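The values are calculated or read from the model by the stated rules, or taken from the named source; none is laboratory data. Just so it is clear, the model here is predicted, and its values are computed rather than measured. FYI the Cβ positions are ideal-geometry reconstructions off the backbone, even for glycines, and counts take in every protein chain you see. These accessible areas exclude ligands, DNA and RNA; they are computed on the full protein's heavy atoms, side chains included. Shrake-Rupley method; radii C 1.70, N 1.55, O 1.52, S 1.80 Å.
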Amino acid sequence: MAVLELPLLPGALPRGAPIVGLDLGEKTIGVAVSDTSLMIASPLALIRRAKFTLDAAALFKLMESRGAAGAVIGLPRNMDGSEGPRSQSVRAFARNLLRLRDMPIAFWDERLSTEAVNRMLIDEADTTRARRAELVDKAAAAWILQGALDRMDHR
């Protein structure tokens with residue numbers, strides 16, 4: 001399967017299967033999961049990056065534990081909408097995942113997701129800097145996934 005346009009993602013999933021949202025960082029991968037109706041995203045886990053095969057194995061284990069059948073991956077675009085080296089790295093990660101497992105994947109523009117989550121954690125949750133560091137990547141993955149779920153409007 002290839003990377004799909006976001007509106008096609010729900011139709012490529014088995015009925016009732018959730019999807020994961022991924023925020024790919026240099027050191028960690030934030031993982032979120034949707035509910036089975038593809039309406040609500042929740043932070044799930046943080047994968048500390050090692051090498052691709054170990055990262056993929058950890059991701060697949062999380063997906064299997066939740067019955068997730070697809071993924072939305074945050075695509076870091078520049079503010080002008082262009083794609084730079086980080087975007088190419090994310091696209092390569094998706095291609096490599098598809099070499100290991102045939103599953104539907106879509107991208108979601110993640111511009112400012114980490115900043116928005118940091119602001120929310122500071123303003124609304126009044127979390128400490130150390131606690132924010134633990135939460136931000138998982139929360140950014142949920143932010144990315146929720147944006148994609150809202151856009152899919154599959155009802």
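Please give the length that would be gained between ARG15 and MET1 if that part of the chain were fully extended, namely 0.36 nm times their separation in residues minus their C-alpha to C-alpha distance (nm, one decimal).
Separation in residues times 0.36 nm, less the Cα-Cα distance, equals 3.3 nm.
Amide H neighbours of ARG77 under 5 Å, at least 5 residues apart or on other chains, H built in the peptide plane: list them.
Sorted by chain and number, the residues that satisfy this are GLU110, ARG111.
How much accessible area does MET39 have with a 1.4 Å probe, in Å² rounded to the nearest 10?
That residue has around 70 Å² of solvent-accessible surface.
Explain nothing, just compute: Karplus ³J(HN,Hα) = 6.51 cos²θ - 1.76 cosθ + 1.60, θ = phi - 60°, for every residue of segment 101-106 in order, whole Hz, x for Gly and Pro.
Residue by residue, segment 101-106 yields 8, 7, 8, x, 10, 9 Hz.
Would you list which lysines come within 17 Å of LYS61, measuring only between C-alpha atoms, while excluding same-chain residues fewer than 8 positions from it?
LYS51, LYS138
Quick one: if you stick a label point 7 Å off each Cα along the C-beta vector at ARG95 and LYS51, how many nm between them?
Result for the modelled spin labels: 2.0 nm.
Taking θ = phi - 60°, what integer Hz values does the Karplus form 6.51 cos²θ - 1.76 cosθ + 1.60 yield along segment 139-148, in sequence order, with x for Gly and Pro?
My calculation for segment 139-148 gives 5, 5, 4, 5, 4, 4, 5, 5, x, 5 Hz in order.
Compute, for segment 2-57, the length of the dipole vector about the Cα centre, with Cβ point charges of +1 (Lys, Arg) and -1 (Asp, Glu) only. Units Debye, rounded to 20.
The calculated dipole for segment 2-57 is roughly 220 debye.
Per-residue accessible area for THR28 at 1.4 Å probe radius, Å² rounded to 10?
Answer for THR28: close to 10 Å² accessible.
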